């Protein structure tokens, strides 16, 4: 019975935090106040608060109380290859993509190195801004080998992966991902609603086809307050 009570308190407070009734940085009522509010003991309230802390909803400061953390972050899977369109559809978010640049030409020395190709081989360069719920929070820079089918602005604003799945004779198979936190650049500041954050989360992808051909290099630059990168690990 007590387990049901503390879980009920936990879920009620989670709902208030996610709905904004308890906004980020606000202080929760004291354990005594919550015990009176829910008609239970301080020990039961303490168990509910501990669970909230474990799940990243609150931060407990000794001698000061419990404070609500920012939870309006989008979960991006580390493992798996999921397009932006697929991801935002799962999250049920209002999302749009704006193409800043789409061109085919010879790569820079850096891009040629990342794709392991000669500088004489042309690549597709696609630079896009991703907007979620009215905020520009991702800058995507993609570079594709020239053997892929021709790209258009309409395709890039919808889903390149969906298009390639339908047109490539060899399927997209796997990617190596590298996640770093880096200083924000002038390009990031120009295209993103960065809110004066000095740092940005960068995900670099090296994507291979089923025949092991490296065909895409990308840099996905995320505003750090809006994302958390999630993986599922199992002990071997």
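Every number in this text was worked out from the coordinates using simple rules, so none of it is lab data. Just so it is clear, the model here is predicted, and its values are computed rather than measured. Note that we place each Cβ from the backbone using ideal geometry, even for glycine, and neighbour counts take in every protein chain shown.
Taking Cα pairs under 8 Å and at least six residues apart, what relative contact order does the range 2-68 come out at, in percent? Mind showing how you got there, number by number?
Values: 65 pairs, mean separation 26.4, N = 67.
Once normalised by length, the contact order is 39 percent.
How far apart, in nanometres, would the label points at residue 196 and residue 170 be if each is projected 7 angstrom from Cα along the Cα-to-Cβ direction?
Those two pseudo-labels are separated by 5.0 nm.
Determine the gain in length on full extension of the stretch residue 111-residue 225; use 0.36 nm per residue of separation and subtract their C-alpha separation, reporting nm with one decimal. Before the final figure, lay out the partial values.
Working: separation 114, 0.36 × 114 = 41.04 nm, distance 2.83 nm.
Contour length minus the Cα-Cα distance gives 38.2 nm.
For helix 42-54, report the angle its Cα long axis makes with the longest principal axis of the Cα atoms of the chain; keep it between 0 and 90° and round to the nearest 10°.
Once rounded, the angle reads 10 degrees.
Which of 218, 146, 41 moves most in a GNM of the chain, Cα contacts under 10 Å?
41
Please give the direction-averaged projected area of the C-alpha convex hull for the range 104-236, in square nanometres with one decimal.
On the way: hull surface 40.3 nm².
Average projection, Cα convex hull of the range 104-236: 10.1 nm².
Go ahead and estimate [θ] at 222 nm for the chain from helices alone: -39,500 (n - 2.57) per DSSP H run with n ≥ 4, summed, over the residue count, rounded to 500. Don't skip to the end; give the middle numbers.
Working: 8 runs with 74 residues, N = 236.
The per-residue figure over the chain is -9000 deg cm²/dmol.
Using 0.36 nm times the number of residues separating residue 178 and residue 53, minus their current alpha carbon distance, what extension gain do you get?
Numbers: separation 125, 0.36 × 125 = 45.00 nm, distance 2.86 nm.
In short, 42.1 nm is gained.
For the chain, count the residues as N, evaluate 2.2 N^0.38 Å, and divide the Cα radius of gyration by that value, please. Could the numbers behind the result be given before it?
On the way: Rg = 22.5 Å, N = 236, 2.2 N^0.38 = 17.5 Å.
Normalised Cα radius of gyration, the chain: 1.28.
Between 57, 143, 38, where does the largest GNM mean-square fluctuation fall for the chain, given springs only between Cα atoms within less than 10 Å?
38
Hey, if you drop one equal point scatterer on each alpha-carbon of the range 2-68 and run the Debye formula without solvent, what base-10 log of I(q)/I(0) do you get at q = 0.24 Å⁻¹?
With no solvent term, the Cα-only Debye profile gives -1.08.
Looking only at the chain, where both bridge partners belong to it, what percent of the DSSP beta bridges are antiparallel (to the nearest 5)? Don't skip to the answer; put the middle values down first.
On the way: 51 of 55 bridges.
Within the chain, antiparallel bridges account for around 95 percent of the total.
If you fit an axis through the alpha-carbon atoms of helix 2-19 and take the longest principal axis of the Cα set of the chain, what angle between them do you get, 0 to 90°, nearest 10?
Computed tilt is about 50 degrees.
Taking the chain as a Gaussian network, where each spring joins two C-alpha atoms under 10 Å apart, which residue of 182, 131, 31 fluctuates the most?
31
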